[in-house]
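The structure appears right after this line, and notes come after that.
The values are calculated or read from the model by the stated rules, or taken from the named source; none is laboratory data. Given the structure is predicted, the values throughout are model-derived calculations rather than measurements. Neighbour counts run over all protein chains shown; Cβ positions are idealised from the backbone, glycine included. With ligands, DNA and RNA removed, areas are computed over all heavy atoms of the protein, side chains included. Shrake-Rupley method; radii C 1.70, N 1.55, O 1.52, S 1.80 Å.
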4 protein chains.
Amino acid sequence: MQDFASDNYAGVCPEALRALVEANASGHEVAYGDDSWTRRVCDRLRALFETDCEVFFVFNGTAANSLALASLCQSYQSVICHELAHVETDECGGPEFFSNGSKLITSRGPLGKLDPVAIEALVTRRNDIHSPRPKAVTLTQATEVGTLYTVEEVRAISEVAHRHGMSVHMDGARFANAVAALAVSPADMTWRAGVDVLCFGGTKNGLPVGEAVVFFKKSLAADFAYRVKQAGQLASKMRFISAPWLGLLDDDVWLRNARHANAMARLLAERIGAIPGVRIMFPPQANAVFAELPVDAARTLRQNGWVFYDFIAAGGSRLMCAWDTAPETVARFAAELNAAVMAGRAVAPAAVPPIEPTAA
Amino acid sequence: MQDFASDNYAGVCPEALRALVEANASGHEVAYGDDSWTRRVCDRLRALFETDCEVFFVFNGTAANSLALASLCQSYQSVICHELAHVETDECGGPEFFSNGSKLITSRGPLGKLDPVAIEALVTRRNDIHSPRPKAVTLTQATEVGTLYTVEEVRAISEVAHRHGMSVHMDGARFANAVAALAVSPADMTWRAGVDVLCFGGTKNGLPVGEAVVFFKKSLAADFAYRVKQAGQLASKMRFISAPWLGLLDDDVWLRNARHANAMARLLAERIGAIPGVRIMFPPQANAVFAELPVDAARTLRQNGWVFYDFIAAGGSRLMCAWDTAPETVARFAAELNAAVMAGRAVAPAAVPPIEPTAA
Amino acid sequence: MQDFASDNYAGVCPEALRALVEANASGHEVAYGDDSWTRRVCDRLRALFETDCEVFFVFNGTAANSLALASLCQSYQSVICHELAHVETDECGGPEFFSNGSKLITSRGPLGKLDPVAIEALVTRRNDIHSPRPKAVTLTQATEVGTLYTVEEVRAISEVAHRHGMSVHMDGARFANAVAALAVSPADMTWRAGVDVLCFGGTKNGLPVGEAVVFFKKSLAADFAYRVKQAGQLASKMRFISAPWLGLLDDDVWLRNARHANAMARLLAERIGAIPGVRIMFPPQANAVFAELPVDAARTLRQNGWVFYDFIAAGGSRLMCAWDTAPETVARFAAELNAAVMAGRAVAPAAVPPIEPTAA
Amino acid sequence: MQDFASDNYAGVCPEALRALVEANASGHEVAYGDDSWTRRVCDRLRALFETDCEVFFVFNGTAANSLALASLCQSYQSVICHELAHVETDECGGPEFFSNGSKLITSRGPLGKLDPVAIEALVTRRNDIHSPRPKAVTLTQATEVGTLYTVEEVRAISEVAHRHGMSVHMDGARFANAVAALAVSPADMTWRAGVDVLCFGGTKNGLPVGEAVVFFKKSLAADFAYRVKQAGQLASKMRFISAPWLGLLDDDVWLRNARHANAMARLLAERIGAIPGVRIMFPPQANAVFAELPVDAARTLRQNGWVFYDFIAAGGSRLMCAWDTAPETVARFAAELNAAVMAGRAVAPAAVPPIEPTAA
């Protein structure tokens, strides 16, 4: 398969797989996370973040974000998110399900990013019992459109949030890509900038399954273990979720994976951005390229076997790079796109755009 | 108190109160709705709607709409509503709570009304598992901005909804005002136009407490009695919820009440619409007048004791008329507004608008 | 109808009805509880309980108890209740619905009463993440079988509960009957004995609709208003829920009503207890009599038009007295039962007991 | 570690691990289950069950059982289970959370097994709106106490369930052990005996993570994919959940693993059952041995490093055998237990039993 469909189309990186296999060699281990592998990973994450945070592992991003948000607000409260936020657009109501009804209040902002002024306007707009009080802000880093919040931007949002009694949640499905791209420390990017809880994505960075939920504000984690258990997110053979993280964390594999994916996205944007009729929609700051492609050329590429999704919310196509995306694949895609565009320029354009599956 | 704050500031109309008192005279009655008063009212409603519908009584509009919608879709499905719909803006997440997470998908449309084309676009936009499938459309009649759907408009929406496997719910908090204004039969306005379930509001029409949930598509009501019970909406002394409906239904008091409120709204719009600087925002088709009032004049009126709310979602002020709003009150309000506007014209305008409570 | 079916078969007592009618005379009032009637009743309840408690009104007992319990624990925690508790047996899963899954952990105990030793055993039995931690104890006063906790018993339960970090909730659907029977002050019966939140039932004491939720531990009430709103329990025309309480509270009508019902139950127990073959199952300390009646005699009475329920959980028949139960009704029931028993003794006993509806 | 703590203390069996590694070799694969590995496993399971069933993969047993039950009943309905059922005792309210409140109604029965007569009594006990109507029966095969339902017993339960409009769910966390022990076909054990949905456990049989939910009654699975997604149970890199099943299914590894574990349990029961003072509590029909051990001897074993849990619900100790439990481990445990018992017989017994962690 040749694709820029999603970073979750990629497999497990060798280091993570090796750690998983090693974790199996130790024979029997205590279940439900009270094992030595899980303890080591938690300690490693605490070292990485340079603080005594609370770490939990859950199975996927839907659960990580939904459970984290549910721990930040009650059903009659609300969460402020960007209108393009994954929790709003692609979780089939997961956050509302886990929280038993907390509304997501959407805000706009350029480049897929929340704006502190807009957040403040939302929070102060109403103060009556008929409207659920915002108790959390969630921001996605890197964003759903492949852009990044600077540390200062995160801090500004946190400042507004905390001033109004809200917690700050970071959806870090692609946190590694953000840290790699911004070249800041994980601590600076999160708790030092006011983030209270981070969902640190591992799957898109090279794990088989599993995300870490990291509470910097420890009081918020008081009952989280029970919440995880009740919601069906507690792995019995936890070591197989946690140990692969060691593979990522040792020797900064997670950053290497992310840097590679980011570099491939930049390369891809550079190559296809130069093709006539192609418009890069957002600065490719992480591992995604959003581009408007000529309709006929996009269709041709798909007929040639390339897999990628249209981004329904904002138009255009989304091209994701993974930890294992090869430069040759980028080059081949760009070349085929260029050829298709050139061929298309010689003929009449197609009237009807193809219907494509949604991004995932 | 002199106010145009809300039709739920009004009390109980004499006929409803009389029925309540009468219901008490019969001594002991079977509890939980298996009493003769409740049976009579249900039969009366079936006669009114000219069909063998299923009727339930619940305590208020939040519950009526939320429970009805919860019976139309599962937690992983969604409901299409107007962005100004009360269920979206003023229920503190009630619908999501009762349904355990069904998302409300908002649509736009002029005059506070849903548009069939926009609905179809929303339904067909995505068809993947990451997005909750729309299973119901809810429309408010009369709308939150005091406008009305024609029977044809309701039918067009129902047609789209049913074609895509969605049920049609009508939030009829002010159903009486709509029927009175359009001079159509309740049946024509609802099931004959494709409405599957109606929340028929009584409180704003002159009852002390209680709304009727009317299922025209009876299969949808199969377990509704259990749902009502579990959700804390089953009155033990049900006759005191149901009997006052007899007071409304006998001699068409409900229509008389609604016609009066509608007439007062028209009168009010006429009177204040003629005042310089006042802009009527929506055609006053039911019992509400939305108007932009000069800031200083609005403040003066409030200082004079008038109570009315600003409409945060769309700006301006909302002036509601009730079954008992007196023509003299309308005249006095218009006169005082006119005086305030005239006085304001003679001096410099105030710089800062007053902060007012939200509409309810 | 002649019945001992339920105290919610009775109507509204004259004083409550008068207050409701008076509340209507004041014309327009602010909605959602910010009216003068509601404020007066809240102040009256604070005076009655001799403390600055937080008071909320909801529509019925299902909601009062379920919302109160939901405010005491999260979905992954649990509530300890008696196995005969109404919240366990007769709410169709209401508490679990409102709390989104908090388990009710049932305990046994004689006379329908929780035992502090059994509570402690339940709490300390497990301490692992696979079992929901008990965070509340709920006791019903008067109990579901018509018995009473003494103040000392309530205090002993509270002591165990608080020692283990649990809150104490009292289901007071028949709180008036308990206070009247024990001749203690409402304060002594509740917060001075450690009760954190009381659901003070009005309906069974003579109101048309509505219960009060009284938080003695005010911190627990922090967000309760939002909870009430979201769950569809906020009355818009609140005065019609609250004002009738004034009718009950003025001149201690609530106690007079309760004393009368209690006296009728004692009289009933005395009269039928003397009939051969009748066994009084529990001491009739409040307004209920539970009795094993000869099967044929019970059937005869029902054929004669008497309405009363069997108590499925514990066997026997439940005979409830209300604020308006007449001594003559008691006398007539006893006489007819005696006659039926005597007639039955002269013939062969029926083989098959009739199937009767459940208690409600 | 030497233990009989739980079959989830064991690691991944070689065949499953090999399949996982192989699945990674194929490079990019479509996410969310639309990959070739997942399709192959689903087809294999359909072949195994000899019917066109619907197959879904979720992350763990809590989710498998809770989601399956939630798809069988609404929040206002109930599920009948044994009082020792894992869903009742060890899921921290998971089923109630996923269903938003469906009550678990517990039944008793010898050997940890439900009895059709008792089920029928529960279903027909009440038929009123205050009690949630049972809509599903769940039985655990093998049971929580290591016993087995015969095919005839399953059929008898299914017959009662279906006669009363209930679906039949089988918690098959140790389904493999049951099939291996009874030497019946998976089809005979499930749908041919009336089971509508099976949660087929893989983790305890040698997988790293992941359970299969198998709907034999396909109409019940209509929306299950959405339910899985919303509840955070849809793996993006699904192949790593599904492919290891191939390792189990190829060459009947799953049965070999289960037969081995069962044989070890029988051996263990035989060996320790012969020791004076040890009582085997239930026939060791699957891979568990429940035994009352002399208190001092149990403590000595634990001091020696043996790990095993007490079974709080029924008393005694639970000794679980896994796919990799070595006969030597069994022999050593039995020998050490015997030695400890003999030593204990020579001295005075300890007065106070040690407090041990709960079973998991």
Simple SL model, points at 7 angstrom along Cα→Cβ for C:S36 and C:A326; separation in nm is 4.0
With r as the distance between the Cβ atoms of C:A314 and D:A343 and R0 = 41 Å, compute the FRET efficiency 1/(1 + (r/R0)^6) and round to 0.05.
0.25
Axis-nearest residue of D (beta carbon) for the D-onto-B rotation, whole Å
D:N100, 2
Any idea what the D:D188 label distances to the other copies are, label 7 Å down the Cα→Cβ vector, nm, shortest first?
6.9, 6.9, 7.2
Considering chain C as a Gaussian network with a 10 Å cut-off on Cα pairs, which listed residue, C:C53, C:C321, C:C92, attains the greatest mean-square fluctuation?
C:C92
As a test, work out the antiparallel percent of DSSP beta bridges whose residues both lie in chain B, rounded to the nearest 5.
45
Mean per-residue count of partner chain Cβ within 10 Å for D:63-72 equals 2
Only counting protein heavy atoms at a 1.4 Å probe, give the residues of segment C:127-155, ordered by number, whose accessible area falls by 40 Å² or more when the other protein chains are present relative to the chain alone.
C:I129, C:H130, C:R133
Considering only D:M238, D:M342, D:M264, give the residue with the highest GNM mean-square fluctuation for chain D, with springs between Cα atoms whenever their separation is below 10 Å.
D:M342
Candidates C:K103, C:K237, C:K135: whichever shows maximal mean-square fluctuation once chain C is modelled as a Gaussian network with Cα springs under 10 Å:
C:K237
Would you mind working out the magnitude of the charge dipole of segment A:183-244 relative to its Cα centre, with +1 at each Lys and Arg C-beta and -1 at each Asp and Glu C-beta, to the nearest 20 Debye?
180
For B:L319, the residues 5 or more places away or on another chain with a placed amide H closer than 5 Å to its own amide H are B:V289, B:F290, B:A291
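Just the ratio, please: alpha-carbon radius of gyration of segment B:232-319 over 2.2 N^0.38 Å, N its number of residues.
For segment B:232-319, the normalised Cα radius of gyration comes out at 1.47.
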Suppose you put the label 7 Å out from Cα in the Cβ direction; list, shortest first and in nm with one decimal, how far D:A25 is from each other copy's label.
2.0, 9.0, 9.1
Label points for C:R332 built 7 Å along Cα→Cβ; distances to same position in the other copies, nm, shortest first, come to 5.3, 8.3, 9.4
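Report, to one decimal in Å, the Kirkwood hydrodynamic radius for the protein assembly as shown based on all distinct Cα pairs. Walk me through the intermediate numbers first.
Working: mean 1/r = 0.0294 Å⁻¹.
Computed over the protein assembly as shown, the radius equals 34.0 Å.
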Can you give the charge dipole size of chain A about its Cα centre, rounded to the nearest 20 debye, using +1 on the beta carbon of Lys and Arg and -1 on the beta carbon of Asp and Glu?
320
Quick one: which residues, 5 or more positions from B:I105 or on another chain, have an amide H under 5 Å from its amide H? H modelled 1.01 Å from N in the peptide plane, none for Pro or chain starts.
B:V79, B:I80, B:C81
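Just to confirm, what accessible area per residue do you get for segment D:157-234 at 1.4 Å probe, in whole Å²?
Counting only protein heavy atoms, the per-residue value for segment D:157-234 is 23 Å².
If you build the Cα gyration tensor of chain A and take the root of 5 times each eigenvalue, what three semi-axes come out, in whole angstrom, biggest first?
34, 27, 17
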Of all accessible heavy-atom area on the protein assembly as shown, the percent that carbon and sulfur account for (1.4 Å):
53
Can you pull out the buried accessible area for chains D and A, both sides counted, probe 1.4 Å, rounded to the nearest 100 Å²?
4300
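Can you give the average number of partner chain beta-carbon atoms within 10 Å of each beta-carbon in peptide B:101-112, as a whole number? Don't jump to the answer; show the numbers that get you there.
Values: counts 17, 5, 11, 3, 0, 1, 0, 0, 0, 0, 0, 0.
Per residue, the number of nearby Cβ atoms from other chains is 3 on average.
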Would you mind getting me the FRET efficiency between D:A335 and B:E152? Use the beta-carbon distance for r and R0 = 56 Å, nearest 0.05.
0.05
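Hey, what did chain D get for relative contact order, percent, Cα under 8 Å, at least 6 apart? It would help to have the intermediate numbers written out before the result.
Values: 714 pairs, mean separation 83.9, N = 360.
Result for chain D is 23 percent.
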For A:K217 and C:N304, extending 7 Å from Cα along the Cα-Cβ vector and measuring point to point gives, in nm, a value of 6.8
Extending each Cα 7 Å along its Cβ direction at C:D43 and D:D252, get the distance between those two points in nm, one decimal.
8.3
